[in-house]
1. Starting from region 186-204, take each residue that is open to solvent by 20 Å² or more (accessible area, probe 1.4 Å) and list its partners that are not in a loop (DSSP other than H, G, I, E, B), counting only C-beta distances under 6 angstrom and pairs at least six apart or across chains.
2. So which of 245, 282, 263, 227 ends up being closer than 23 Å to residue 74 by Cα and not polar (S, T, N, Q)?
3. Out of all the residues in region 215-241, which are open to solvent by 20 Å² or more (accessible area, probe 1.4 Å) and part of a helix (DSSP H, G or I)?
4. Mind checking whether some residue in region 59-82 is open to solvent by 50 Å² or more (accessible area, probe 1.4 Å), among the aromatic types (Phe, Trp, Tyr) and closer than 30 Å to residue 255 by Cα?
5. Residues being open to solvent by less than 10 Å² (accessible area, probe 1.4 Å) and part of a loop (DSSP other than H, G, I, E, B): count how many of those fall in region 83-93.
6. Among the residues in region 121-132, are any more than 21 Å from the chain's Cα centre (by Cα) and either crowded, with 20+ Cβ neighbours inside 10 Å or in a loop (DSSP other than H, G, I, E, B) (or both)?
7. If residue 324 passes every condition in (1) in contact with a Leu (Cβ under 6 Å, 6 or more places away or on another chain); (2) modelled with pLDDT under 95; (3) not charged (D, E, K, R) but one, which one does it miss?
8. Just one of the numbered conditions (1) in a loop (DSSP other than H, G, I, E, B); (2) modelled with pLDDT under 95; (3) open to solvent by 20 Å² or more (accessible area, probe 1.4 Å) is not true of residue 387; which one?
Amino acid sequence: MTYQANVPIEKLAFKSSQDNSRIARWTPIQDDFEILVEQGKEVVRRKDDTSFDKVSFELTPTYVNLPKDYAPFSPFSDGGMLFHSGRFFACASSCPADLNSWEMTLISIDADFIVVDGQNFMGRTSWIDRDDGQKIYLGSATPQENMDIFALIDSKLPPVLLKALERQIPEMMTFFASRLAKLEFKPTLFASYSETSNGSFGHQGGTLPNQVFMHWYGKQAISTINEYQVSWFFAHEIAHIFQREAKNIAAIEQQWIHEGGSEYMSYELLYKLGGNYRIYAEEKFKTSTSLCWKRTKTRNFGALIADQNYDLLYSCGLVFWHIIANDVNTLKVESNVFDIWAAFNSEVMKGEPSDFTTFLKVIEPIVSKETFNTLRNIQKFRAADFVHLGGRAS
């Protein structure tokens with residue numbers, strides 16, 4: 001990775017320093033450079049503090065799970081690679097708030113297949129990246145495309161996963177489009193797998209504009225996988241795409257809104273599919289409710305999130321949306337959770353911030369006063385609130 005400046009600079013500052021891991025994972029090609037942390041941000045300087053206009057690094061392109069952030073690299077088993085362009089955003093001295101574009105060039109000496117902004121290139125391409133960046137693919141996998149989605153799926157993923165995605169993508173797209181309006185674009189799906197040498201395993205998914213990505217790592221992560229887990233996982237991520245601009249909630253303690261919303265939408269989808277999908281959805285809901293209830297027995301929701309218990313954004317978020325749905329049904333309001341989200345997104349598209357204040361504005365006329373007051377003080381939510389709000393405490 002090489003950075004080139006038009007004029008000499010004193011230091012190179014990275015826009016995002018989620019875990020300061022560049023110090024361990026990035027090696028300067030020239031010995032007279034080093035990566036330091038200054039005021040919580042990783043920066044690059046010459047050891048003698050003289051100016052420079054070019055610096056290069058060798059990187060460690062392995063998978064790292066960054067909580068509530070995008071993995072820098074998601075390897076494919078065949079040697080291909082998916083990487084997050086935002087990981088490389090940097091500025092001279094510091095990144096001002098109004099700077100939001102970076103010129104990037106990707107070169108492959110093997111003339112690999114490259115996917116940038118939903119377009120295909122061979123060997124080399126340049127582009128201007130913005131906002132949170134995007135996932136860039138580099139490799140030799142054969143893309144799959146139909147009327148719903150453009151997909152790059154790792155061939156080493158289990159057949160049950162591949163079949164589930166192939167069979168359910170059209171049905172899921174139709175389900176969400178009928179409730180949250182058809183997409184104006186064809187999203188790209190990346191599904192990758194990498195083995196591990198330390199026994200670690202798991203999976204992570206996410207979305208960026210027009211993109212859905214999933215990564216499994218470690219053999220155990222795919223040895224016990226079943227189509228119901230895959231369906232929920234994919235439904236959660238594709239729901240985020242249909243949530244559109246309103247999902248871009250910055251404050252972590254408020255992210256139960258879109259994460260819990262996506263969980264509830266997945267619940268609705270699998271429940272509608274019926275049979276074993278419905279059974280799995282009910283079990284998933286029961287497990288999430290139980291987890292939220294047990295964890296909030298002694299500490300409130302806000303304190304737990306402040307201590308980085310981010311799994312509760314999903315489990316308690318599902319519970320909170322279930323409370324909203326129950327309230328709407330009880331009051332016989334001509335609305336549902338999808339209508340609520342559409343109204344929320346509509347406010348955001350009008351210029352309102354995608355945050356808790358706008359969300360409260362949308363739900364206040366729809367839910368009961370008791371539920372509204374509880375949601376307004378959601379950071380203080382405790383297990384005791386389940387009973388009188390119709391939640392299940394077991």
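The values are calculated or read from the model by the stated rules, or taken from the named source; none is laboratory data. This is a predicted model, so every value here is computed, not measured. Here Cβ is always computed from backbone atoms with ideal geometry, including for glycine, and neighbour counts include all displayed protein chains. In case anyone asks, the SASA skips ligands and DNA or RNA and just uses the protein heavy atoms, side chains included. Shrake-Rupley method; radii C 1.70, N 1.55, O 1.52, S 1.80 Å.
1. Close Cβ pairs satisfying both conditions: 186/150; 196/217; 201/220; 201/221; 203/216; 203/221; 204/215.
2. 227
3. 219, 220, 222, 223, 227, 228, 229, 233
4. The answer is yes; a qualifying residue exists.
5. Matching residues across region 83-93 total 1.
6. Yes - at least one qualifying residue is present in region 121-132.
7. Here residue 324 meets the rest and fails (1).
8. It fails just one condition, (1).
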